[in-house]
Structure formats: C-alpha cells, structure tokens
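A.B. asks: Pasting a structure below so you can have a look.
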Amino acid sequence: MELGEFAEEEHIGTTKHFLETGYTEWYIPVNKVDRALSYPIKVINGQQFYIAHGSKSNRFLENAEFETRNENSNIVARKLKEMLMEVCK
C-alpha cells in the first residue's frame, strides 16, 4: 500500500500544514509522546510540537508489487493452508 504523496487511500490528515507539504510533514504534540524523539521541535502558541517528515518512497518495485498483488495474496493463502495442514497432522 502506498503512503504519502502516492497514497492509494484517502489521507486522514486534514491540517493546512500537512496538505501544503504534500502529505510529507506533520506536527506531533510533544506531550502526547511517551519518549523523546529525534525530530526538531517547533513551538506554536506556547505548545511544543515535533516536526515529523515522511520519507520519500523508493518506487523501484512499484510495478512488480502492483501487477502481482492478486497473485501474492493467492500465494500467501496457499502457504498458510499448507502450514495449517502440517500443524493439524
């Protein structure tokens, strides 16, 4: 499944900043995270936010992944069935 600018599904983020950056940058409230993150911090209206950046997608497998999507699900189903048959012997 593609994410970021090439997402296959509708983006759930609606903030102006998220939309303007092409779905690649968003703010995370520092007080909502239970550990320190290595993102830069920006203060907005007295509240601290981490500035998170999505990574650029590596699209070298895009065609292979898309074109074999149905076949891949059949392969996984077959392998799971084989595993279950082996376990249930």
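The values are calculated or read from the model by the stated rules, or taken from the named source; none is laboratory data. Please read all numbers here as calculations on a predicted model, not as lab measurements. When the accessible area is computed, the model is the full protein with side chains, heavy atoms only, and any ligands, DNA or RNA have been set aside. Shrake-Rupley method; radii C 1.70, N 1.55, O 1.52, S 1.80 Å.
A.B. asks: Solvent-accessible area of Ile44, probe 1.4 Å, all protein chains present, reported in Å² to the nearest ten, please.
C.D. replies: Answer for Ile44: close to 60 Å² accessible.
A.B. asks: Next question. What order do Tyr50, Tyr27, Tyr39 take when sorted by accessible area (1.4 Å probe), most exposed first?
C.D. replies: Tyr39, Tyr27, Tyr50
A.B. asks: Moving on. Could you go through region 36-44 in sequence order and give the Karplus-derived ³J(HN,Hα) for each residue, using 6.51 cos²θ - 1.76 cosθ + 1.60 with θ = phi - 60°, rounded to whole Hz, and x for Gly and Pro?
C.D. replies: Karplus-based 3J(HN,Hα) across region 36-44 equals 6, 10, 8, 8, x, 10, 10, 9, 10 Hz.
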